[in-house]
Amino acid sequence: DADLGRAAGLAEEAARREEANLRAAEETRRRNFEAAVRRLEEEEARVQQQEDTRRLAAEAAVAAAERDLETRAADEDGRRAAWEVTSVGDRARGEADRRAREDRRAADAGDDIRRAATEEDARRLQEDYRREQLEVRLRSLLDDDGRQTAADESRRTSVEVELRRMISEETTATRTEDSRRAQQAADA
């Protein structure tokens, strides 16, 4: 009886240790998962902030280009007024030169705007790709955590079944031993 009780106590202690180990592993996994999610959220916030900064810079560049075009238009109006008081030959040459410069500046401004728009599109595509990669990593973490939780539940169930089996065996052995002693006492 003492050996059976000791065996049952050891089995119960082993089951408790296994349960404690499972809980500790589960807690570690949960903390790691939460840390990974926090890192992903911080990365997403950083990416969003960079995207906002680039968007504001692009908008500022477009606004500056528009102001520059307005200034050039005003300058052209002023030159036109001055042109009206100069000689026809000088006016024609000066106007041709000015128009050529203005055309070059307008073309450069248009190129700058197109280049800024192209760069912004490329950055947005890259940010979209990075965001998709972050989402894939998060889904993978969630899947891994689900699989590990299911495995832990399976192990926990297995330990509980084994403990019940051992308790049942101990109970059966105790009853058998009690019956045998009762029979010996009756025979004596």
When you look at Asp187, is it in contact with a helix residue (DSSP H, G or I) (Cβ under 9 Å, 6 or more places away or on another chain) and either loosely packed, with under 10 Cβ neighbours inside 10 Å or farther than 27 Å from Arg6 by Cα (or both), yes or no? no
Evaluate the following for Asp143: is it assigned to a helix (DSSP H, G or I), without any contact (Cβ under 8 Å) to a residue 40 or more places away in the chain and over 30 Å from Ala25 (Cβ atoms)? no
So if I check each of Asp112, Asp52, which one is within 30 Å of Ala36 (Cβ to Cβ), out of contact with any Asp or Glu (no Cβ under 8 Å at 6 or more places or on another chain) and either modelled with pLDDT under 80 or charged (D, E, K, R) (or both)? Asp52
Filter the stretch 151-167 down to the residues that are over 18 Å from Leu10 (Cα atoms) and charged (D, E, K, R), then identify the one that is farthest from the chain's Cα centre (by Cα). Arg155
Residue ID - surrounded by the fewest Cβ atoms within 10 Å (Cβ to Cβ), chosen from residues in the stretch 102-135 that are farther than 16 Å from Glu59 by Cβ and basic (Lys, Arg): Arg104
Residue by residue through the stretch 144-184, note down the ones that are farther than 20 Å from Glu18 by Cβ, surrounded by fewer than 13 Cβ atoms within 10 Å (Cβ to Cβ) and hydrophobic (A, V, I, L, M, F, W, C). Ala182
Regarding Glu27, is this residue assigned to a helix (DSSP H, G or I), of a type outside the set (A, V, I, L, M, F, W, C) and surrounded by 14 or more Cβ atoms within 10 Å (Cβ to Cβ)? no
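The values are calculated or read from the model by the stated rules, or taken from the named source; none is laboratory data. These numbers were taken from a predicted model, which means no experiment stands behind them. Glycine also receives a Cβ, built like all others from the backbone with ideal geometry; neighbour counts cover every protein chain displayed.
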